[in-house]
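The values are calculated or read from the model by the stated rules, or taken from the named source; none is laboratory data. The model shown is predicted, which means the values in this text are computed figures rather than measured ones. Positions of Cβ are generated from backbone atoms using ideal geometry, with glycine treated the same way; all protein chains shown enter the neighbour counts. Areas reflect the complete protein model, heavy atoms only, side chains present, ligands, DNA and RNA absent. Shrake-Rupley method; radii C 1.70, N 1.55, O 1.52, S 1.80 Å.
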Amino acid sequence: MSADTATITTNAVGHAAAQYRRHSRTLWRRMLLRTETAIVLAIILLIIFAITTVPYFAQPYTYLTMILNSAPILLMLLPVTLIIITGDIDLSVGSVVGFSSAIFGLSFHAGIPLPLAAGVAVVGGGLVGLLNGVLVTVVGLPSLAVTIGTLALFRGIAVGLLGTTAITGFPSEVTQFIGAPLFVGAPAPMVTVAIIVVAIGFAVVLHLTPFGRGVFAIGLSSETAAFSGVRVNRTRLILFVLSGLVASATGVYYTLQYSNAIGTNGLGFELQVVTAIVLGGVSIWGGRGSILGALAGGVLIATLNKTLQLAGIGSDTISIVTGATLIFSVVVAGIAGFISRRRRSKASVIAAGVEKHRAIPNPKSVPSNH
Amino acid sequence: GCAAPTGGSTGTDAAGAGSLTVIPKSLGNKYFEASDKGAKAAADELGLDFSEVGPTSTGSADQVPFIQTAIQTGQKAIAIAANDPAAVCNDLKAAQDAGVKVVAFDTDTDCRDIFINQATVDGIAQGLVDLTSKHLGTAGGTIAILSGGANAANLNAWVDAMTALIEKEHPEITIAQVAYGEDVDQKAYQAAQGLMQSIPDLKAIIAPDTVSVKEAAHYLSDTPQFQGKVWVTGLGLPSEMATYVTSGVIEQFGLWNPEDLGYLATYAADALTQGTITGKEGDKFTAGKLGDFTVGAGGEVVLGPMFVFDKSNVGDFSF
Amino acid sequence: MSVTHTVPVSQGRRSFLGRILRAREVGLIVMIFALVALTSVTQPGFLFSDGGWRELLRQPTILILIALGEAIVIITRNIDLSVGSILCLSAYAAGSLFSNFPGIPIPLVILSGILLGAFLGLVNGLLVAFLRVPSLVITLGTLYTYRGIAILWIGPHFIRSSWLPDEYRSFGTLQFLGIPVLLIVVAIIVLLIGWFMTSRRVGRDLYALGSNPEAATLFGLGERRLTVTAFVASGALAGLGGLVYLAIFATGDAQVGTGYELQAVAAAVVGGVAIVGGSGTIWGVALGAFFLATISNALPVLGVPSLWQQSIVGVLIVGAILLDRIVFITRIRRAKRKGTAT
Amino acid sequence: MNYTALLELHGVTKTFGAVAALVNAELVLKAGSIHAVIGENGAGKSTLVKIIGGLYRRDAGTFLLDGESVDFHNTREAKAAGIAVIYQEPTLFPDLSVAENLFVGRQPYTRFGALDRAKMRRETRELTQRLGVPIDPDREARGLSIADQQVVEIAKSISVGAKVIVMDEPTAALSGIEVERLMGIARQLRDEGKGLIFISHRFDEVFALCDVITVMRDGSYVATNLTTVTTEDEIIHQMVGRSVDNLYSKQEALIGEPVLEVEHLTSAGVFQDVSFTVRSGEIVCLAGLVGAGRSEIARAVFGVDPYDSGSVRMGGISVPRTSPAAAMRLGIGFVPEDRRKQGLAMTAGIQSNITLAIRHKLARFGFIIAPLEEPSARTWAARLQVKMYALDTEAQMLSGGNQQKVVLGKWLATKPKLLIVDEPTRGIDVGTKAEVHRLLSELAGTGVALLMISSELPEVMGMADRVLVVREGRITAELPRATATPQNVMYAATHAPEVAA
Ligand SMILES: Nc1ncnc2c1ncn2[C@@H]1O[C@H](COP(=O)(O)OP(=O)(O)OP(=O)(O)O)[C@@H](O)[C@H]1O
Ligand SMILES: Nc1ncnc2c1ncn2[C@@H]1O[C@H](COP(=O)(O)OP(=O)(O)OP(=O)(O)O)[C@@H](O)[C@H]1O
Ligand SMILES: [Mg+2]
Ligand SMILES: [Mg+2]
């Protein structure tokens, strides 16, 4: 109504507005000096290296199996990325895979049609996600503690439900379809479509919607977010439910891919998921990160694994390489920050005034959201 | 000992004498390290290009990437002890489609050319039950079974066979509980403790996996109150069990020679790639120092009867 | 990880606060007693037999040690996920020292195990403190790296009980006045660390750092030194945990300690250490670890089917955190109501 | 030389990369004096303080302490040399007790090598008593009021025997009585021969307390004046480079229909039976002492805090409880009192901060893309003349005043019908303050209803159409502009309600 603020007069609006640069760093710096770019570059370099030095790497089968093997992680990391951006964490996803696998297997075993059984499992996953969410938001418990507890709980239920039975005998049309290439000779399996669709969905939600703005705001400062009309607890609750849904859908997929429902399905996936996300430049303190980065982190690990496996190297070395890559990625960022801090403090003073508000990383940027 | 990088060479001269990838349940597992040692020895004798790769964990699909690699690098044969027979099946089928011969050992899967069985399921069940019933005598009593992973297909088969056997032939014995030690020392120890304390009049524990039997023996040797009351037997590695056998806590336990298992699997793989055998019943082949073997029903080759260890021989083995 | 812990403004005096803190520990003690009582009523042997009594008291020692280190790290607002891998390396290192140098003095081996742990912790600490990267990322990396090194190094080998000198193996079962010597040693360590954390400057500084890292920087508390100290302590305690593991189980392969990291965090949290740092007591942590270890000790004895044990552990972990929270909130509410009434 | 200054800084320079925070700073502090440093937001005062405190190292220039050149590498060295700094943000450790906070890093030990808690408790009690504010030494620092935190900080600096005590805007969060108390303590310290550096944006305090005033502008030294011979106008001129003629540019606005109607709002233990109305074009001020519960009332109205009973209506429509989102949809905007924790995401860019509250409005078909949000951010930053370099500059890089402008911009961008502003000019320099006042007044002129909370009486007097005085959670007086004198307001704020009716 009358609050037409445009009528407020201020001196030299146009002039001042023109003074602000859009970005404090040049385009190439912004594009190149970011984790996503570095990781994507690393993937490309690694693939080039592997193609030239590792026999058989160039075959489509390599990429087909690489995507197949990493599909569960690539799917699960999507909602967990959002959770980590709000500053929470969900360590129970691996157990939710097992849980959903158990529900799915038992439902199928009980004669429920496959799609319905899958539906039951996904709904079950949503419910356990809701349980996590309620404990974290309504009760106010720290998510790390809660999901360490439910990690044991959901896994325990899965193992308890299935016991020593492994439910197999899923229709082979379905299991074969899942592992089949998109078309004959294609370097990607069917599940690639699902990954891409779900990833685009999450990327759009996170980066292009008001909801996604809220997600970032919660991670940057949940108090400020609440004061800005972000429904903080509702958002966090939704994310935990989403995580449960996606993890349980992954559980159904995993069960079908390997045609086996057992209680230990998805064991240890949680740390792989977190590793991929963190490698992809998502800040574990919340507030920073992207779907692209997290996915790239997952793909980099998958590519590394594939390269080493094809080179005949066993899992012991692979696990050292994975750990070292993770440390290396943050160490490089740390050292780069250190050097640029040193270099800039030696650089000459450009000018006072507006120029002096050039952004530099805060040397003591202690996680602010504690 | 593990993960010898065989990369380039494996690929290039795969066309030569033959090449074999052995995939154990996991790296760093004593039992499989022993079987891999036997496999390596056989491969050396045969001049095979040999590699041993595998996961460090025992997740159901953890072995899959290594099967894929074997397919891609043009291995002639794979010898695998599957953690989860169903989960690796699709990829093993793909391997067979690609012309790779698949030998399952230790644990059977549906998608293989041949299965090298350490001993028949019935043989193992019979062996362990016989040891136990002989000890218990006609009086019989309550016993418990302490197994490893709840999803280990071979262990479950043995447990089932033992249960059936006891029901059929030993009415004097009752099985009170089947517990699982999950292949983890601490859990197996606690499970053994749980069984001994919670089952009154427990007379014996049969532990058909190496971790469980070792930890059951361990708990027993730590706890004199149960010594002489609870009798423990199972399938164990002599190197791990020696202490308990010498000290008298354990009298007898069984196993086969895991090195021989790997050795036999390698000869079978070679015979398959050479075309000497196809895996059908009645095929015959010679496995070096182990002598001649015949493929039995369902493409199964049995290493031999279970070997029983006691005070007199337990020190003679290195595995 | 941000935890929006809306800790209500405490009105009070020490006595009130003290009561809350004590309630936490009292609560744990009550839960432990309840668990032991319940188990002993069903299976008297759990408590009233040599073996039961000994296991009850000595099984928790490993978890107590690594949980203590984890707690110190969490108190500084960090986390250490590499403790399980460190424990494994230290246990195997000690075992192979015994086997390669027969007759080597036991104290020397113990020292080496602790030093190896401390060194691995030092690597964590230096990376975290000097590169200012989140400890969760660094220790997740070293969780893999240390484990990979363990598998690569240990490979097919395993510690045979015959490697260990009899004196060392007897540590595991030795009792003094009916109490396992291991527990006595660990109890002394708990007392020492507890005293250190409450009564020495460095201990208080560790709390201060976790309580408000920005203020610690402004204050010149030496955050780097403190961070490194915490990780070294955690590494050393994990190393000691490995030695105790060796004494109890007299065995060990490359998979020892897998998954301990989350148990250690769970024990610290159940013991009342706030995951955001700055608060929690060492006594609480020791009790929390004792509680968790006793659960996995007691469930098999209670005859709970193996397959359902893990879910009960999960329920109890969640339940313990939940209960603690509810007790906390109701106490604050009650105090507030009292405050407004007057 | 027989008379050396306690502390001397000459030609001190400090750059952060391309940012020159200090260019040529000068400061000469004598023992037994209180020295004010003032300047616009971003003039470099806090940076100077941090150099003195050893948090930053200067790039160039001389730094003498007692005539000796010093170069601190960390805050510990500065502390050891007798310098105590009380930073803009209190820096207590919330989980430690008050006594422990006082003794962090130098706790006394007993004979047995344990902390001597009895001694710490005793000394804490003595110190806080001496400062006139007894605080329980055993309580956790978490939950102490800002004023009490300030007292603990001062006690800390006294107990270490500092000879130089620097206070960076210590009064920003305090109310009149607490400021008086603080000034009393400062004078006491001065009379003990200590040198004090006092930073404040409030001229009345500076003139009442300080002996010398050093003015800074854009990181450089401008002038040092003796308080006795200079005037407020002169100082302002030195600070801003021009004179600020009207600090409270209250415009006449047409007061219209009620916009916000609050009835019988009660939250047990916090506020009781609060009823008031704000009309369009009207500026209503909630006055009172710090801790009277004004912020809580505002937060309950906006929905961030719950309340037990009562009702809130906007333009006749009931505002749902505990839903800021709903309140915003009904046209309420809220500039909270703690801009660092509640107003801004400190590590996010200016643009993201300004557009956070309007993210739903910016969306087209549910999606937001950067080109849509840039114009709003640019316009509002420019209208408020935020001193910054680029739209993605992190909020934490801005000086306090500029941060406050960003928060204002963020809420003005929502085009509210009712804007609640809690301490809108806390920590803001005179020039900007006048700017903010003009802006709020213009806003009222366009028909926006304003509910303002301020602890500064002149601001209340200068801006309000109506003053509601809050005391211990109750509205104890409603004073129209004409009768709202400082005396009346203070009386109502400190006396039981039956007197002020
Ligand atoms: N760590 C830093 N990195 C980059 N720029 C900084 C840093 N610290 C201060 N600045 C810049 O230096 C200038 C001086 O800041 P300072 O905080 O000293 O101002 P101030 O006079 O204290 O302002 P206020 O009155 O608002 O507190 C500002 O422009 C600020 O943005
Ligand atoms: N950040 C804080 N930490 C601890 N206590 C606080 C904090 N903010 C306010 N308080 C305390 O809460 C109570 C109510 O404060 P509130 O902010 O409502 O008062 P107010 O009248 O709005 O004062 P102000 O002038 O500061 O806005 C007081 O006792 C105050 O000291
Ligand atoms: Mg300042
Ligand atoms: Mg307030």
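Ordering A:PHE240, B:GLY228, C:SER161 by the projection of their Cα atoms onto the charge dipole of the protein assembly as shown, which places +1 on the Cβ of Lys and Arg and -1 on the Cβ of Asp and Glu, puts A:PHE240 at the extreme positive end.
Extent along the principal axes, Cα only, for segment C:47-327: 55, 45, 36 Å, with the longest axis given first. Listed values for segment A:96-104 are Karplus-derived 3J(HN,Hα) couplings in whole Hz (6.51 cos²θ - 1.76 cosθ + 1.60, θ = phi - 60°), namely 5, 4, x, 4, 5, 4, 5, 4, 4, and x replaces Gly and Pro.
Which whole-Hz couplings ³J(HN,Hα) result when phi for each residue of segment A:199-211 is put into the Karplus expression 6.51 cos²θ - 1.76 cosθ + 1.60, θ = phi - 60°, listed in order with x for Gly and Pro? Values per residue, Gly and Pro as x: 5, 4, x, 5, 5, 5, 4, 6, 9, 10, 10, x, 4 Hz.
Of the residues A:ALA102, D:GLY333, D:THR485, the one whose Cα sits farthest toward the positive end of the charge dipole of the protein assembly as shown, with +1 on the Cβ of Lys and Arg and -1 on the Cβ of Asp and Glu, is D:THR485.
Under the convention that each Lys and Arg Cβ holds +1 and each Asp and Glu Cβ holds -1, the size of the dipole of chain D around its Cα centre is about 960 debye. For chain B, the longest principal axis of the Cα atoms and the long axis of helix B:30-46 meet at an angle of about 30 degrees. Give me the angle, in degrees from 0 to 90, between the Cα long axis of helix B:210-222 and the longest principal axis of the Cα atoms of chain B, rounded to the nearest 10. Its long axis makes an angle of about 30 degrees.
Ordered from largest to smallest accessible area (heavy atoms of protein chains, 1.4 Å probe), the residues A:HIS207, D:HIS360 come out as D:HIS360, A:HIS207.
Both radii are taken from the alpha-carbon atoms of chain D; with Rh as the Kirkwood radius, Rg/Rh is 0.98. Residues whose amide H falls under 5 Å from that of D:ILE420, counting only those 5 or more places apart or on a different chain, are D:GLY333, D:PHE334, D:VAL335, D:LEU451, with hydrogens built in the peptide plane. Accessible surface ranking for D:MET388, B:MET306, 1.4 angstrom probe, highest first: B:MET306, D:MET388. Ranking B:LEU290, A:LEU131, B:LEU131 from most to least accessible surface, computed with a 1.4 Å probe over the protein chains only, gives A:LEU131, B:LEU290, B:LEU131.
C:ILE29 contributes about 70 Å² of solvent-accessible surface, heavy atoms of the protein only, 1.4 Å probe. For chymotrypsin sites (Phe, Trp or Tyr not before Pro), the sites in segment D:329-438 that DSSP calls loop and that have at most 14 other Cβ atoms within 10 Å are D:PHE365.
Annotation for segment A:257-335 versus segment D:203-222: alpha-carbon center distance of 56 Å. Accessible surface of C:ARG201, taken over heavy atoms with a 1.4 Å probe and every protein chain present, rounds to 80 Å². On the basis of the beta-carbon distance and an R0 of 51 Å, B:SER318 and A:THR37 show a calculated FRET efficiency of 0.40. Note on C:PHE176: accessible area is roughly 120 Å² with a 1.4 Å probe, heavy atoms of protein only.
Stokes-Einstein diffusion for segment B:220-306, with the hydrodynamic radius set to the Kirkwood value over Cα pairs and evaluated at 25 °C in a medium of 0.890 mPa s, equals 159 µm²/s.
Per residue, how much space in cubic angstrom lies within the convex hull of the C-alpha atoms of the protein assembly as shown?
186 Å³
Determine, at each q value in 0.22, 0.25, 0.30, 0.31 (inverse angstroms), the log₁₀ of I(q)/I(0) that the Debye formula gives when each Cα of segment B:139-181 is one equal point scatterer. Per q value, in the given order, log10 I(q)/I(0) is -0.72, -0.86, -1.06, -1.10. So if I take the centroid of the Cα atoms in segment D:56-89 and the same for segment B:225-248, what is the distance between those two points in Å? The two parts, judged by their Cα centres, are 71 Å apart.
The length gained on full extension between D:ASP308 and D:SER323, counted as 0.36 nm times the residue separation minus their Cα-Cα distance, comes to 4.0 nm. Taken as entire DSSP H runs, the helices of chain D that both span 15 Å or more between Cα atoms along their own long axis and average 0.0 or more on the Kyte-Doolittle scale are D:146-159, D:430-445. Note on B:GLU251 and C:THR330: with the Förster distance fixed at 51 Å, the Cβ-Cβ geometry gives a FRET efficiency of about 0.30. Between D:TYR491 and A:THR26, the modelled label-to-label distance comes to 6.8 nm, taking each label 7 Å out from Cα in the direction of the beta carbon.
Exceedance of the 20 Å cut-off in Cα-Cα distance is limited, within the set B:LYS40/B:LYS101; B:LYS101/B:LYS280; B:LYS30/B:LYS187; D:LYS45/D:LYS410; B:LYS30/B:LYS229; D:LYS50/D:LYS156, to D:LYS45/D:LYS410; B:LYS30/B:LYS229.
You can think of it this way: the chain between D:HIS264 and D:PHE207 has 16.3 nm of extra reach, that is 0.36 nm per residue less the Cα-Cα gap. The distance separating the Cα centre of segment A:74-129 from that of segment D:386-427 comes to 43 Å. Rolling a 1.4 angstrom probe over segment A:35-348 with all protein chains present gives an accessible area of which 77% lies on carbon and sulfur atoms. Working from label points 7 Å from Cα in the Cα-to-Cβ sense, the D:ARG111 to B:LYS280 distance is 9.7 nm.
For the protein assembly as shown, the per residue solvent-accessible surface stands at 35 Å², with DNA, RNA and ligands left out and a 1.4 Å probe. A cut-off under 10 angstrom between Cβ atoms defines the neighbours of B:THR276, and their net charge, with Lys, Arg +1 and Asp, Glu -1, is -1.
A simple spin-label model places the labels of D:ALA370 and D:THR228 6.0 nm from each other, with each point 7 Å out along Cα-to-Cβ.
Estimated from the Cβ-Cβ distance and a Förster radius of 41 angstrom, the FRET efficiency linking C:SER162 and C:LEU47 is about 0.80.
Every helix of 4 or more DSSP H residues in the protein assembly as shown counts as -39500 (n - 2.57), and over all residues that averages to -17000 deg cm²/dmol at 222 nm. Placing +1 on each Lys and Arg Cβ and -1 on each Asp and Glu Cβ, with no other charges, gives segment C:47-327 a dipole about its Cα centre of roughly 360 debye.
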